[in-house]
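Reviewing the structure listed below.
The values are calculated or read from the model by the stated rules, or taken from the named source; none is laboratory data. Please read all numbers here as calculations on a predicted model, not as lab measurements. Neighbour counts run over all protein chains shown; Cβ positions are idealised from the backbone, glycine included. Heavy atoms of the whole protein, side chains included, go into the accessibility calculation; ligands, DNA and RNA do not. Shrake-Rupley method; radii C 1.70, N 1.55, O 1.52, S 1.80 Å.
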Amino acid sequence: MSDPADLDDIPGTVVFTGAQSRRGFHLNQFCMSLTRAENRARFKADEQAYLDEWPLSPAQRAAVLARDWNAALAEGGNIYFLAKIFATDGTSFPEAASAMSGVSLAEYQAMMLAGGRSPEGQRSIREGR
């Protein structure tokens, strides 16, 4: 893939490029702040006030408040860092991943135990293949 736009053609995937990393820098820093117990407590006590301390875009802020993980990824969030929010909420990684995949937890777990998502199917958004 010589054109970076080709990365946007992979269905169901946000490729974490340098541009995505820069876009999500403050979002991911916010997530990392949740590794400290006192920050988790402050966030849980008043999410909006805690988020006000971070220079997040309106879309990033909305994604965090709605727990819309796919939107957070699209806004530069990295799954490793977003997992800090899952943990703060008491949500397991498989629970969050099943929500992101649009399947039940049981379906997600069965898919992973069977080796993951099939490589068969749509491989290009533009080409519909």
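Figures for the structure shown
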item: Accessible-area value, Ile10, 1.4 Å probe, nucleic acids and ligands omitted, Å²; result: 50 Å²
item: Exposure ranking of Asp6, Asp52 by accessible area [1.4 Å probe, largest first]; result: Asp52, Asp6
item: Surface accessible to a 1.4 Å probe, per residue, for the residues of the chain, Å²; result: 60 Å²
item: Spacing of the two label points (7 Å from each Cα toward its C-beta) at Glu127 and Phe25, in nm; result: 3.6 nm
item: Solvent-accessible area of Tyr50 with every protein chain in place, 1.4 Å probe, in Å² to the nearest 10; result: 10 Å²
item: Computed E for Thr17/Phe93 - FRET, C-beta separation, R0 22 angstrom, nearest 0.05; result: 0.45
item: Paired Rg and Dmax values of the stretch 1-97, which use every Cα atom, in angstrom; result: 13.8, 47
item: Sites Tyr80 and Ala45, calculated FRET efficiency, Cβ-Cβ separation with R0 41 Å, nearest 0.05; result: 0.95
item: Point-to-point label distance, Ala62-Arg36, nm (Cα→Cβ direction, 7 Å offset); result: 3.0 nm
item: Largest to smallest accessible area among Arg40, Arg23, Arg117 [probe 1.4 Å]; result: Arg117, Arg23, Arg40
item: Ser21 accessible area, assembled protein chains, probe 1.4 Å, Å²; result: 50 Å²
item: Label-point gap, in nm, between Ala71 and Glu53 - each point 7 angstrom along Cα→Cβ; result: 2.3 nm
item: Over the stretch 1-93, relative contact order from alpha-carbon pairs under 8 Å, at least 6 apart, %; result: 36 percent
